[in-house]
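The values are calculated or read from the model by the stated rules, or taken from the named source; none is laboratory data. Quick caveat, the model's predicted, so the values are computed rather than measured. Note that we place each Cβ from the backbone using ideal geometry, even for glycine, and neighbour counts take in every protein chain shown.
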Amino acid sequence: DTAVSQTPKYLVTQMGNDKSIKCEQNLGHDTMYWYKQDSKKFLKIMFSYNNKELIINETVPNRFSPKSPDKAHLNLHINSLELGDSAVYFCASSHSGGRNEQFFGPGTRLTVL
Amino acid sequence: DAKTTQPPSMDCAEGRAANLPCNHSTISGNEYVYWYRQIHSQGPQYIIHGLKNNETNEMASLIITEDRKSSTLILPHATLRDTAVYYCIVRVEGPGANSKLTFGKGITLSVRP
C-alpha cells in the first residue's frame with residue numbers, strides 16, 4: 001500500500017545512455033513533481049504536473065523529459081546522460097491548491113559512470 | 001517565497017524536547033510556514049504547517065511568533081528515529097499558488113542516547 005513508489009531504486013549507467021525512472025502514486029492526487037538532490041544534499045524542484053499538464057519547469061536541460069500518461073503516473077526520461085546527472089531523484093505528489101502537503105517517494109539513486 | 005534561515009545543526013538527548021528554530025523575517029501575510037524532515041536515505045516527510053496560530057499534531061508542535069518573523073518546531077519527546085535534517089519552508093498556499101517546495105540547507109538534528 002505504498003503511497004508514492006519509484007522504480008528503480010538504484011540505477012547505474014554509462015555516460016551517453018538514455019534511461020527512465022518511473023513514479024506512481026495511489027493517493028488520488030492530481031499534482032506530481034520531480035525533485036533532484038545532488039551530492040551536496042540540496043533538494044531542488046525540477047518539474048511539476050497538474051492533471052497531466054506541465055506547470056513547473058525549473059530551467060532543466062531539455063535532455064530531461066517528464067511524461068505523465070495519467071494523473072497517477074509521472075515518469076522521467078533522461079537522454080544522453082552526463083556525469084553531472086548523478087543524484088538522487090525524488091518523485092512527490094499532492095492535491096492542487098488548498099493545503100497541499102507533498103508526499104515523497106523513496107528516491108532513485110542515479111549513478112552515471 | 002520568503003527566505004528562511006536555520007542553524008546548521010543541533011543535538012538533544014533522547015526523551016527530551018527538541019526545539020528547532022527558524023527565522024523568516026521577510027514572510028508575507030499570505031505565506032505559510034511548513035516543516036519537512038528528511039531521514040537519511042529517505043524521501044522528505046511532511047511534519048506540520050501553520051499561518052499564524054500555533055499548531056499541534058501527532059508528530060510535533062509549531063510555535064509562530066506574533067510578528068510571524070520566526071517559528072519553532074517542537075518535538076516533545078525526541079527519539080533516536082527523529083535524527084534527520086529538518087527543513088523550514090515558507091510558501092503561499094491556495095488555488096493557483098505555485099506549488100513547489102523550495103528547500104534550504106535545513107538543520108541537522110542529532111538525537112543522542
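See the values below:
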quantity: Tally, over the range A:30-52, of residues that are outside any strand (DSSP E or B) and either among the polar types (S, T, N, Q) or more than 8 Å from chain B (Cβ to nearest Cβ) (or both); calculated: 6
quantity: So A:LEU11, is it among the aliphatic types (A, V, I, L, M) and away from every other protein chain (no Cβ under 13 Å); calculated: yes
quantity: Check on B:SER61, surrounded by 16 or more Cβ atoms within 10 Å (Cβ to Cβ), away from chain A (no Cβ under 14 Å), within 16 Å of B:GLY104 (Cα to Cα) and of a type in the set (Gly, Ala, Ser); calculated: no
quantity: Criterion (of a type in the set (Lys, Arg) and either touching a Leu at 6+ places or on another chain (Cβ under 9 Å) or buried (at least 19 other Cβ atoms within 10 Å of the Cβ) (or both)) met by exactly one of A:LYS40, A:LYS22, A:LYS71; calculated: A:LYS22
quantity: Selected residue (criterion: farthest from the other protein chains (Cβ to nearest Cβ)) from residues of the range B:74-103 that are within 21 Å of B:SER25 (Cα to Cα) and modelled with pLDDT of 90 or more; calculated: B:ILE74
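A quick yes/no check of all residues on (1) at pLDDT 95 or above; (2) in a strand (DSSP E or B); (3) of a type in the set (Lys, Arg); (4) over 22 Å from B:VAL92 (Cα atoms):
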| position | (1), (2), (3), (4) |
| --- | --- |
| B:LYS3 | no, no, yes, no |
| B:PRO7 | yes, no, no, yes |
| B:MET10 | yes, yes, no, yes |
| B:GLY15 | yes, no, no, yes |
| B:ASN19 | yes, yes, no, yes |
| B:CYS22 | yes, yes, no, no |
| B:SER28 | no, no, no, no |
| B:TRP35 | yes, yes, no, no |
| B:ASN53 | no, no, no, no |
